[in-house]
Amino acid sequence: MIDSALIPKGLKRCPTWQFVAAIGVFGAVALWGVYAMLLCWFKGLNQTNMNDYYGFALWIWADLAVIAVGGGAFFTGLLRYIIGKDELKNIINFAVLIGFICYSSALLILGMDVGQPLRSWFIFWHANVHSMLTEVAFCLSCYFAVLTIEYIPLVLENRQMDKVPFFHNLSHNMHGVMAVFAATGAFLSFFHQGSLGGVAGVLFGRPFAFREGILIWPWTFFLFTWSAAAYGPCFTLLLTKLTEKISKKKLVKDNVVELLAKISGWMIFTYTIAKLIDTIYWANITAPSLGFKLSHFYSNNAIYGYWILFAEIILGGVVPALILITKKGRQNPTAFTTAIILAVIGVCLNRWVMVLQVMAVPVMTFDTWALYIPSWQEIATTLLPVAYGVILIIISFRYLPVFPQELELNPDESNKAQQNTEKAEENPALDAKLSPAGA
Amino acid sequence: MSKELSHNKVRRYGMVIDLDKCTGCGACMVACMAENNVPFKEDESNKRDSITWMKVYKLTNGKPFPNTEICYLPRPCQHCEGHDGHSPCVSVCPATATDYNSETGIVSQIYTRCFGCRYCMAACPYHARYFNWWDPVWPDGMEKYLSPNVSPRMRGVVEKCSFCFHRYQLAKDKAYYEGRSEVREDEYQTACTQACPAGAITFGDLNNPLHAVHQMVKPDLKHAGRPKSPNAFRLLERLGTNPKVYYLSDREWVRRAGDNYMADTKNHLEPKEH
Ligand code: SF4
Ligand code: SF4
C-alpha cells in the first residue's frame, strides 16, 4: 500500500483504493454540504425553509443532538481520569475523537445558523450574562479547545509523527497532564450541556419548554447534562461497534464495552426516572398553572402526538436502561445493539422535542400549529457534519492508534501486516505492487 | 391621590386597543410599515416570513351561523416588562442586542448589534419578532420615500415594533428645546394610533394618571400592571410576561381568547413571576 508507512505498526487496513473510494463518497456528500453552506452564507438564510414561526430548525436540532451524543467524550474522560476506571483507557481515544467531531460540527452549524456570521464575536464582546446562549457559547468554545488538546496527542502518535523527538515528547507530556484537561472538560461540559437545556427551559413565554428549577437553572439544565453523560457513551459504543463491523475485526475488549455500557445503563436509568418526574410535574403543575392541559401539546396536528412522549421516555429511556443494566442484556449482542441504537435515537428525539416541538406548539389561543419541512440546503448542511465526521473517523482509524487493544485482539493479521510493513519500509516505492490485496 | 397613582417619573409607555372598535381595516399595519421602513417581499403570499410589526389577527367565537362573531385583534410588540424588566426576549439575547428601557418601558432592538441567532424569536410567545430573511429591496424610487428617522435593517437581523421610539426622541428633543422636562401626551403618539380611522388605539404613559391609557385600564401596579377595568385584559397574562399592551372588549369570548384556560379556571388570573 502506498501509505503503509503511515499506518500504525502491525495493524491491517483496507486496500488504498477502498480507503480512497470511501473518502470520495463521503467527500462528495461533504462538498454538497459545503455548497449549500456557501449558499446560506452568501445568499442568506432565505435558502432555508425556516420562517418567523420556526426560527430554530433542522440544523439546530442537529447541533443539540451532536452535542448530546458527543457527551461521551467528557463523561468517559471523567470516568477514566477522575473516577479512575482504568479499563476505559482502551476506548477513551475514540470517545475523544467522536467528541472532537461532534463539537467541531456544532460550532460549524452555529456559524451557519446565525444571520450575520461575521458578527458572531458580539456574543463574547457584548455578552449578556443572563442569557443561557452566552453560557453555551463560552463553554462550548472553551470545551472545543480542550477537546483539541485531548485529540492532539493521538495525532502525534502517528508512526511518522512519533519519529520526531519533539512530537514524541510533547505527546508523552500531554498524556501526563491529561487528567487536568479531563477535569476541565467535565466542568465545562457540565455547564454548556446544562445551559443548552436551559436555553429551552427558561423560555417562560413557551409553556411547552418552560420548567421551574433551582435559582437561575431550570430543571432542563440538569436533565440535559445528565442525559448527555448518560447517552453519550452509548453513541461512542454504537460507533465502536459500527467500526468493528466495517473493519471486520474486534477493536475493544468485551469487558471495556460492558463496563461503559453498564455505567451508561445506570445513568440512563436514573435519568429516565428524573425525566419522568419532571414530565409528571410539568404536565400536572407547571403547564396547568399557565393555562395549558397536556393534551394541548400533543393534539390537533399531523405530527406531534403522545407517541413522541412514549418513544422518548419508554423506547429511548426505559427499554435501553433495562437492557444495559442487566448482565444478560449487555452480553446478548442483539439486545445490546438494540439498546444502544434506541438510546441514541431517544436522546436525539429529546433534543428534537426540546427545540422543534417548542417552536411548533401554538401559545396564543388564536394561533395554529406551525409545521415545517426543511429545504434541501438545510438537509445538505445538516449532512455535512455527518460526512465530515465519517471522513475524520476513517482517516484517524487508518493512520492513528485509536484502539490500543486492536493489535492484541488481532494477533494473526498483525503478523502478516508486520511483514508487509517491513517490506514497505525497505522499499516504499514497490509497496503498491508488492502488497497483497486486503493487507 | 394615593401614592400608587401619583405621577411617577419612570414612564411606562403602553397601548390600549379597543377590540370592539377595530374593524380590521389594516390601516395600522400600513402606517407602521411606512413609518418604520419595514421591508416587504415581491410576493407576500407566504405570511410566515413577511415582516409585520403590527399584525391584525382575525378571531372567531367558533360558533355556527347565525351566532358567528368575528373580532380583529391588532398585535404590536407587547413591550413586556416581565418581572423587573426581565422580558422574555430581552433576558435571552446573548449579545444584549435588545434591551428593556427602564425610563420608558420600551423594549428596544439594536439592529447593528443583533447577529441573528433568533433566540429572542423563540422566546416571544406573541410572534412579535421578525427576521430579515432577505436584504430589503425597495421598488425604484421608493428609497426616496423612506423615513430618515428610522434606519433600514439589513439581512440577517431581527426587528420588531419599537413603539415608534424615534418619535419619542423627536418629542423629547422638542420639549428640551422648549425648556420642558416632560413630553406631552399628544406629542408622542405612535403611527398606528394616529392612523386608526376607528380610534381603536390609544397610546400613552401607563404610569401617568392623567393619560388616557391609564384611565382606560387602571393598571394595578401592585399586581404587575393587571388591569382593574373589568373589560380590559392582556394577552397571555398568566405567563408572567407583563405586557404593556392592553385590550378592551365587552364580549366575554373575546376576553377569554386572550389567555389559555383550564376547564375549571375562572377569569381571574394570577400571573407567574419570573
Ligand atoms: S411581545 Fe415579544 S418581542 Fe415584544 S417584548 Fe414581549 S416577548 Fe419581547
Ligand atoms: S436574534 Fe439578535 S436580538 Fe435576537 S437574541 Fe439573537 S442577537 Fe439578540
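Computed from the coordinates by the stated procedures, all read-outs in this text should not be read as laboratory data. Being a predicted model, the structure only gives us computed values, none of them experimental. As a convention, Cβ positions derive from the backbone with ideal geometry for all residues, glycine included, and neighbour counts pool all protein chains shown.
For A:THR334 and B:ASP84, the FRET efficiency from 1/(1 + (r/R0)^6), where r spans their Cβ atoms and R0 equals 60 Å, is about 0.60.
Take each residue in B:239-246, count the other chain C-beta atoms within 10 Å of its C-beta, and the mean is 2.
Simple rule: put +1 on each Lys or Arg Cβ and -1 on each Asp or Glu Cβ in chain A, find the dipole, and look at A:THR337, A:SER171, A:SER289; the Cα lying farthest toward the positive end is A:THR337.
Close amide H partners of B:VAL56, meaning residues 5 or more places away or on another chain with modelled amide H under 5 Å apart, are B:ARG75.
Couplings 3J(HN,Hα) of segment B:92-98, computed from phi: 8, 4, x, 10, 6, 8, 9 Hz, in residue order, whole Hz [Karplus 6.51 cos²θ - 1.76 cosθ + 1.60, θ = phi - 60°; x for Gly and Pro]. Model label points for B:GLU44 and B:TRP253, set 7 angstrom from Cα along the Cα-to-Cβ axis, are 2.9 nm apart. From least to most packed, judged by other beta carbons within 10 angstrom and beginning with the fewest, B:ILE106, A:ILE277 follow the order A:ILE277, B:ILE106.
Given contacts defined as C-alpha pairs under 8 Å and at least six residues apart, what's the relative contact order of chain A, whole-number percent?
32 percent
Cysteine residues of chain B whose Cβ has no partner cysteine Cβ closer than 4.7 Å: B:CYS22, B:CYS25, B:CYS32, B:CYS71, B:CYS80, B:CYS93, B:CYS114, B:CYS117, B:CYS124, B:CYS164, B:CYS196.
Net charge in the neighbourhood of A:GLY197 (other residues with Cβ under 10 Å of its Cβ; Lys, Arg +1, Asp, Glu -1) is +2. Note on B:108-119: average number of Cβ atoms from other chains within 10 Å of each residue's Cβ is 6. When each full DSSP H helix of chain A is screened for a Cα extent of at least 27 Å along its own axis and an average Kyte-Doolittle hydropathy of at least -0.5, the helices passing are A:16-43, A:89-113, A:132-156, A:178-201, A:219-247, A:254-281, A:333-352, A:376-399. Listed by Cβ neighbour count within 10 Å, with the fewest neighbours leading, A:THR134, A:THR48 appear as A:THR134, A:THR48. If you sort the three axes of the alpha carbon gyration tensor as a ≥ b ≥ c, you get a/c under 1.5 for chain B, which makes it rounded. Ordering A:ILE314, A:ILE92 by the number of other Cβ atoms within 10 Å of each residue's own Cβ, fewest first, gives A:ILE314, A:ILE92. Distance between the C-alpha centers of segment A:303-342 and segment B:11-51? Whole Å please. When both Cα centres are located, 50 Å separates them.
Within chain B, the longest run free of GluC sites (Glu not before Pro) that sit in a DSSP loop with at most 15 other Cβ atoms within 10 Å is B:183-272.
From the cross-link list A:LYS85/A:LYS245; B:LYS160/B:LYS244; B:LYS21/B:LYS160, which pairs have alpha carbons spaced over 21 Å apart? Among A:LYS85/A:LYS245; B:LYS160/B:LYS244; B:LYS21/B:LYS160, the Cα-Cα distance tops 21 Å for A:LYS85/A:LYS245; B:LYS21/B:LYS160. Could you work out the local net charge near A:ILE7, counting Lys and Arg as +1, Asp and Glu as -1, over the other residues with Cβ closer than 10 Å to its Cβ? Once positives and negatives cancel, what remains is +4.
Note on A:PHE366 and A:ILE82: the model spin-label points, each 7 Å out from Cα along the C-beta direction, lie 5.2 nm apart.
Listed values for segment A:314-321 are Karplus-derived 3J(HN,Hα) couplings in whole Hz (6.51 cos²θ - 1.76 cosθ + 1.60, θ = phi - 60°), namely 7, 5, x, x, 4, 4, x, 4, and x replaces Gly and Pro.
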